[in-house]
Amino acid sequence: MSLRNVAAVAFFVIIAIFLFFSALLIHPFGEFDEDNNPEMDQYIIDNTQIETGADNGVTSVVFDYRGFDTLGEATVLFTAVAGVILLFRRLKK
Amino acid sequence: MMSRIVKTISNIAFPIITIYGLYVIAHGHLTPGGGFQGGAVVASGCAMILVAYGSVWTMKKIKEKHLSILESLGAIGFISLGFIGILLIFLYSSYNGSFFKNFLLNQNVVPIFNEIGKGLSNINTAGVIPLMNFAVGLKVIAGLFVIVLVMAYATRLKGEPQK
């Protein structure tokens, strides 16, 4: 067993222990947590239907409250298309 | 270029997949989904046709230049809807506008998408969000399909039948 493998196994064990004890600290699914409850969650649940008119809260966040973020995602897709077309273009003989 | 069985099944499944993807795009402001997700569904249906019929046949039917134009049209429509919110400030000095303002909501000038949703069947709601969903959906359909099409056509085999 080389030194490289020993280092890899040690790194894996450290990461696994870290992830295991992190998972134990997550609060239970579906229960209301008093300590870790940002006001933004409750604000969006209460006001999204009046302010944006959409029933789907996720879409109202993506396209209305954070429309600028969606513009960035669309730009990423445009850049990917431009790069692929540039890379696989037909060269003239 | 696959066998006749694969082509027949693809012909049957392609309209169903396309209609489902367009449904996800059109109901993006009501049910889970939206422009990105529905566009990915439609683009995967197009990729199924590409696998079944081969890249040479598909490239004869639709060129990557046309798909690229469609993708740019989606991007232009999306960013135009964002800028109209700013342009309305110059037209009406008392208008409280901003970038990506929901300018179609709660007004009686244009009677489309101007209501507030109260149930999952009210499609005439949510202002500019459905229009943005259509723009992003067009962009994702054309963008993902042109990526798959160009890569498949560039890496095709020389001995592939040209039929």
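When only residues in the stretch B:105-123 that are more than 10 Å from chain A (Cβ to nearest Cβ) and of a type outside the set (A, V, I, L, M) count, which is least open to solvent (accessible area, probe 1.4 Å)?
B:Q107
Which of the residues that make up the stretch B:124-163 are modelled with pLDDT of 85 or more, at the interface with another protein chain (Cβ under 8 Å from one of its Cβ atoms) and more than 25 Å from B:G54 (Cα to Cα)?
B:I129, B:M132, B:N133, B:V136
What helices (runs of 4 or more DSSP H) completely inside the stretch B:1-104 contain at least 2 residues that are closer than 30 Å to A:G83 by Cβ, within 10 Å of chain A (Cβ to nearest Cβ) and open to solvent by less than 20 Å² (accessible area, probe 1.4 Å)? Show your work before the answer.
Numbers: elements: B:4-26, B:35-53, B:55-61, B:64-91.
Once the helices (runs of 4 or more DSSP H) in the stretch B:1-104 are filtered for at least 2 residues that are closer than 30 Å to A:G83 by Cβ, within 10 Å of chain A (Cβ to nearest Cβ) and open to solvent by less than 20 Å² (accessible area, probe 1.4 Å), what remains is B:35-53, B:64-91.
The values are calculated or read from the model by the stated rules, or taken from the named source; none is laboratory data. Bear in mind that the values here come from a model prediction, so they are computed numbers and not experimental data. We place every Cβ from the backbone using ideal geometry, glycine too, and count neighbours over all the protein chains shown. Note: accessible area is taken over every heavy atom of the protein model, side chains too, but ligands, DNA and RNA are not part of it. Shrake-Rupley method; radii C 1.70, N 1.55, O 1.52, S 1.80 Å.
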